[in-house]
1. Restricting attention to region 36-60, report how many residues are small (Gly, Ala, Ser) and more than 14 Å from the chain's Cα centre (by Cα).
2. When only residues in region 51-78 that are in a loop (DSSP other than H, G, I, E, B) and open to solvent by 60 Å² or more (accessible area, probe 1.4 Å) count, which is farthest from Tyr32 (Cα to Cα)?
3. Of the numbered conditions (1) open to solvent by less than 70 Å² (accessible area, probe 1.4 Å); (2) modelled with pLDDT of 90 or more; (3) out of contact with any helix residue (DSSP H, G or I) (no Cβ under 9 Å at 6 or more places or on another chain), Lys81 satisfies every one except a single condition; which is it?
4. For region 35-49, what are the residues that are part of a helix (DSSP H, G or I) and of a type in the set (A, V, I, L, M, F, W, C)?
5. Among the residues in region 17-34, are any open to solvent by 100 Å² or more (accessible area, probe 1.4 Å), modelled with pLDDT of 90 or more and in a helix (DSSP H, G or I)?
Amino acid sequence: MCKTTFYIILITVTLITNNFSQTPKKHNYHLYEKAFQELLQMLNGQNPIDFKRAVFISENAYCNGKLDYAKYCDEITSTGKKLKALIAQRGLDIIPPNVRTEIIKN
C-alpha cells in the first residue's frame, strides 16, 4: 500500500471516529506524541506499515491509553470470522472473483 494512501486513510478514520465521540475527553499529550512517533516509524520504513496497529495507537491516544491491543485484535478476528460465515452462508465464497466484484458494485 502506498504510504500516502495509508496516511490519508489513517487520518480519515481518526477524524471520523473523533468527530462522532459524544463525550469530551482529557487528552494526555504524551500518548499522542508516542502514537505520532510510532506512525512516523511506519512511514519512514523503520517499522512495517500495519493499518490495524495504526488505527489502534491513534484511538488509544484518544482514549487516554485505556484500550487493550489484545482485545482489539480479538474483536477484529471475531468480526472477520462472522463476516466470512455470512459470505459462505450467502454463497458468495463460490462465486468467481470477477463476478463477485460486479455484485459488490451493484
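The values are calculated or read from the model by the stated rules, or taken from the named source; none is laboratory data. As the structure is a computational prediction, the values presented were derived from the model and not from experiment. Neighbour counts are summed over all protein chains in view; Cβ atoms, including those assigned to glycine, are modelled from backbone coordinates with ideal geometry. Heads up: the accessible areas ignore ligands, DNA and RNA and are worked out on the full protein's heavy atoms, side chains in. Shrake-Rupley method; radii C 1.70, N 1.55, O 1.52, S 1.80 Å.
1. 1
2. Going through the qualifying residues, I end up with Asp68.
3. Going through (1) open to solvent by less than 70 Å² (accessible area, probe 1.4 Å); (2) modelled with pLDDT of 90 or more; (3) out of contact with any helix residue (DSSP H, G or I) (no Cβ under 9 Å at 6 or more places or on another chain) one by one, Lys81 breaks only (1).
4. Residues satisfying the conditions are Ala35, Phe36, Leu39, Leu40, Met42, Leu43.
5. Yes, because at least one residue in region 17-34 is open to solvent by 100 Å² or more (accessible area, probe 1.4 Å), modelled with pLDDT of 90 or more and in a helix (DSSP H, G or I).
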